[in-house]
Amino acid sequence: MNEFELQYKPFGKYSILIEWPQVISEDVLKSVLSYKQALENFEFKQKVYIKSAYNSILITYDIIINNIYDEVLTLKSVFNGGSDILKSDFRLWKIPVCYDLEFGIDLEEIAKQNNIAISGIISLHSSTIYPVYFIGFLPGFLYLGGLDNRLHFPRKITPRLKVEKGSVGIGNSQTGIYPNESPGGWNLIGKTPINFFDVTKEQPCFAKSGDKIQFVSISRVQYNEITVQVDNGSYNIESEVTND
């Protein structure tokens with residue numbers, strides 16, 4: 001876990017920001033999650049809240065940090081004494097997506113500008129395994145890595161005021177799913193009928209940092225069938241344990 005040189009910075013009066021090299025990589029992700037797990041298992045003298053992102057961890061204390069230097073030394077000792085082995089089961093989630101032009105309203109533009117057939121876009125997008133780096137922006141919004149560079153496409157200059165729940169999009173070098181209806185500037189290539197955030201469940205979002213996502217192409221008919229199953233609570237997302 002200590003192969004990276006980290007930066008520790010005060011972040012207001014109550015928080016400390018820990019930063020890795022500013023790259024998006026699975027090696028950094030594993031280091032971040034290992035450190036986060038070690039911090040979660042550490043007995044702090046006061047209550048803390050721990051959040052991770054692509055290459056950082058934010059630790060927020062419930063009282064003002066009086067001595068930042070001593071606290072950083074404590075955090076460094078946790079890092080140096082931690083393990084590279086994550087003691088957690090991660091899952092590969094298979095997410096059904098209908099790439100019908102009714103939903104993939106930007107497919108034709110991406111195909112034209114990137115000089116690739118729509119079928120090629122669908123094939124590339126659904127054949128990649130995407131690591132989940134963290135969850136944010138909206139409840140249940142997964143920040144994914146690994147988008148094939150042939151699918152990179154700039155975000156829209158003028159965002160749409162309304163993007164439907166379940167819409168799958170591409171923005172620059174990222175792909176993701178809108179868990180709820182919201183404004184958005186990503187280019188839409190499809191739609192999934194499943195829910196990514198359910199407040200009635202003990203774990204509202206089924207996925208977590210370190211999990212992986214694979215999109216599975218489905219027809220419009222299959223989309224309608226799964227929608228019915230989701231609505232009546234009988235649909236289970238296909239997944240498997242993976243610790244790769």
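The values are calculated or read from the model by the stated rules, or taken from the named source; none is laboratory data. The model shown is predicted, which means the values in this text are computed figures rather than measured ones. Neighbour counts are summed over all protein chains in view; Cβ atoms, including those assigned to glycine, are modelled from backbone coordinates with ideal geometry.
Tabulated values for the structure
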{"read-out": "Matching residues, segment 168-184, being outside any strand (DSSP E or B) and crowded, with 18+ Cβ neighbours inside 10 Å", "value": "Y178, P179"}
{"read-out": "From the options K165, K212, residue that is under 23 Å from I57 (Cα atoms) and either assigned by TED's automatic domain parsing to the domain that holds K112 or exposed (fewer than 13 other Cβ atoms within 10 Å of the Cβ) (or both)", "value": "K212"}
{"read-out": "Residue in segment 50-60 that is modelled with pLDDT of 90 or more, in contact with a strand residue (DSSP E or B) (Cβ under 9 Å, 6 or more places away or on another chain) and part of a helix (DSSP H, G or I) present", "value": "no"}
{"read-out": "Tally, over segment 131-148, of residues that are out of contact with any strand residue (DSSP E or B) (no Cβ under 7 Å at 6 or more places or on another chain) and modelled with pLDDT under 95", "value": "3"}
{"read-out": "Residue in segment 198-218 that is outside any loop (DSSP other than H, G, I, E, B), in contact with a Leu (Cβ under 8 Å, 6 or more places away or on another chain) and acidic (D, E) present", "value": "no"}
{"read-out": "When residues of segment 49-79 are limited to those that are within 28 Å of G145 (Cα to Cα) and among the aliphatic types (A, V, I, L, M), the one nearest to the chain's Cα centre (by Cα)", "value": "A53"}
{"read-out": "Segment 185-210: number of residues that are of a type outside the set (D, E, K, R), in contact with a Pro (Cβ under 6 Å, 6 or more places away or on another chain) and over 21 Å from D148 (Cβ atoms)", "value": "2"}
{"read-out": "Wholly enclosed helices (runs of 4 or more DSSP H) of segment 63-141 bearing at least 3 residues among the hydrophobic types (A, V, I, L, M, F, W, C) and either without any contact (Cβ under 8 Å) to a residue 12 or more places away in the chain or in the same structural domain as L33 (by TED's automatic domain parsing) (or both)", "value": "68-81"}
{"read-out": "Residues of segment 142-153 classified as more than 13 Å from N187 (Cβ to Cβ) and not in a strand (DSSP E or B), total", "value": "5"}
